[in-house]
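These notes concern the structure reproduced below.
The values are calculated or read from the model by the stated rules, or taken from the named source; none is laboratory data. Just so it is clear, the structure is predicted and the values come from calculations on it, not from any experiment. Reconstructed Cβ throughout: ideal geometry from the backbone, glycine too, with neighbour counts over all protein chains shown. Ligands, DNA and RNA are excluded from the accessible area calculation, which covers all protein heavy atoms including side chains. Shrake-Rupley method; radii C 1.70, N 1.55, O 1.52, S 1.80 Å.
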Amino acid sequence: MPAPTSHPDDPALLRIDGPIATITLNRPAAFNSINLAIAQKLEQLASYLEGDDAIRVVVIEGEGRAFSAGGDLQTIGAAAEAGTVTPVVGELLKHYHAFIETIRRMPKLSLSSVHGSAAGAGMGLAFVTDLCIAAEDAKFTPAYAKIGVSPDGGSTVGIVGTVGSRRALQIFLSEDNFTAQQAYEWGLVAKIVPATELKAATRQFAERLAQNPPAAIAGTKSLVYQAATTPVKQQLDAEEHRIVMAMNTEEFRLAVKKFTSKSK
């Protein structure tokens, strides 16, 4: 299956460089807010990347001054005025949530690279990825409670699993916004770098992650995400299954041969 073609005016762009794929949110004039067009494009790109065995790491970044301002309130507000919120938001989230499901499910690592503002569903996207690197100037804004709604866009999926229920309630209901440093201290951000170094640092981080063999990435990601809700015996059986699968790969055989030859 050929890679989807990206055009400069597409709402999301795809760039592939070896084992690293980069998705760029491309609505800079709207601070990369999520509307139906970008949700559909993201779903398409993620579906392709999930099936591309050559890709090991998927980077998600934003074009312009912000990572993402969240849901497109122009569209959603118009729907609220017209009494069509249910079908409009339902269709938007059908595609956007399908994208999030794929990102979490795919046997590859996803890495958000955040600069400027990440608000609402944009904040959710930053933290629903497997890892996040952020510029020092990044600002995270929950936004939901202020407009009288609850979180969406994977916000509770990524945040609650990382910080726990109490901190999550604090974030969603009592934080107007928080800094990259706070996010780092809460375990939501893996690395903080100067804004001018974000692109280079993201590439370096992605390259480091991509050095892991596919079986190691897929097995580790699957086991980590299921650990919190899986009974011990079932989790141990899953560990056995995954490690035996990985040990039957050529990458494992070569790695062990290299290691044992050094120890002699």
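When only the heavy atoms of the protein chains count and the probe is 1.4 Å, how do Lys258, Lys221 rank by accessible area, highest first?
Values: Lys258 125, Lys221 15 Å².
Reading off the accessible areas and sorting them downward yields Lys258, Lys221.
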> To the nearest 500 deg cm²/dmol, what mean residue ellipticity at 222 nm is calculated for the chain from DSSP H runs of n ≥ 4 alone, each contributing -39,500 (n - 2.57), summed and divided by the residues?
Replying inline: -16000 deg cm²/dmol
>> I need the phi-derived Karplus couplings for segment 43-51: 6.51 cos²θ - 1.76 cosθ + 1.60, θ = phi - 60°, integer Hz, Gly and Pro marked x.
In response: 4, 4, 5, 5, 4, 5, 5, 4, x
>> Using a 1.4 Å probe on the protein heavy atoms only, what accessible surface does Arg208 show? Give it in Å² to the nearest 10.
In response: 130 Å²
> Based on Cβ point charges of +1 for Lys and Arg and -1 for Asp and Glu, what charge dipole magnitude is obtained for segment 12-210 about its Cα centre, in debye rounded to the nearest 20?
Replying inline: 200 debye
> Extension gain Val256-Ala238, at 0.36 nm per residue separation less the Cα-Cα distance, in nm?
Replying inline: 4.3 nm
> Once you have the alpha carbon radius of gyration of segment 214-262, what is it after dividing by 2.2 N^0.38 Å, with N set to its residue count?
Replying inline: 1.32
> Expressed as a whole number of Å, what is the distance separating the alpha-carbon centroids of segment 4-27 and segment 29-58?
Replying inline: 8 Å
> At each listed q (0.09, 0.19 Å⁻¹), what is the log10 of I(q)/I(0) that the Debye formula gives for segment 1-135 modelled as equal alpha-carbon point scatterers?
Replying inline: -0.24, -1.06
> Between Val114 and residues 5 or more places away or on another chain, which pairs have amide H atoms under 5 Å apart, with H built 1.01 Å from N, and which residues are they?
Replying inline: Ile133, Ala134, Ala135
> In sequence order, what are the phi-derived ³J(HN,Hα) couplings for segment 223-230 according to the Karplus relation 6.51 cos²θ - 1.76 cosθ + 1.60 with θ = phi - 60°, rounded to whole Hz, with x for glycine and proline?
Replying inline: 5, 4, 6, 8, 4, 5, 10, 9
> Taking every eigenvalue of the Cα gyration tensor of segment 120-229, multiplying by 5 and rooting it, what semi-axes result, largest first, whole Å?
Replying inline: 25, 19, 11
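Which net charge results for the neighbourhood of Ala39, defined as the other residues with beta-carbon distances under 12 angstrom from its beta-carbon, given Lys and Arg at +1 and Asp and Glu at -1?
-1
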>> Using only the heavy atoms of the protein chains and a 1.4 Å probe, how would Ile100, Ile76, Ile16 rank by accessible area, largest first?
In response: Ile16, Ile76, Ile100
> Which of the lysines could a cross-linker bridge to Lys41, judged by Cα under 29 Å and excluding same-chain residues fewer than eight apart?
Replying inline: Lys94, Lys108, Lys139, Lys146, Lys191, Lys199, Lys221
> Quick one: what Rg and Dmax do you get for segment 89-180 from the alpha carbons, in Å?
Replying inline: 12.7, 36
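Sorting Leu188, Leu236 by accessible area (1.4 Å probe), largest first, what list results?
Values: Leu188 15, Leu236 95 Å².
So, going from the largest accessible area down, we get Leu236, Leu188.
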> Which cross-chain or sequence-distant (5 or more) residues have an amide H under 5 Å from the amide H of Gly154, H modelled 1.01 Å from N in plane?
Replying inline: none
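What fraction of the DSSP beta bridges in the chain is antiparallel, stated in percent and rounded to the nearest 5?
Values: 8 of 30 bridges.
Taking every DSSP beta bridge with both residues in the chain, the antiparallel ones total about 25 percent.
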> For segment 12-210, what is the relative contact order in percent, using Cα pairs closer than 8 Å and at least 6 residues apart in sequence?
Replying inline: 20 percent
>> Could you tell me the center-to-center distance, by alpha carbons, between segment 102-130 and segment 134-176 in angstrom?
In response: 13 Å
>> Tell me the Kirkwood radius of the chain: reciprocal of the mean inverse pair distance over distinct alpha-carbon atoms, in Å.
In response: 19.4 Å
>> Just want the answer: with Cβ charges of +1 for Lys and Arg and -1 for Asp and Glu, which residue in Thr202, Pro87, Asn26 is farthest toward the dipole's positive end in segment 12-210?
In response: Thr202
>> If amide hydrogens are placed 1.01 Å from N in the peptide plane, which non-local residues have theirs closer than 5 Å to the one on Ala143?
In response: Gly120
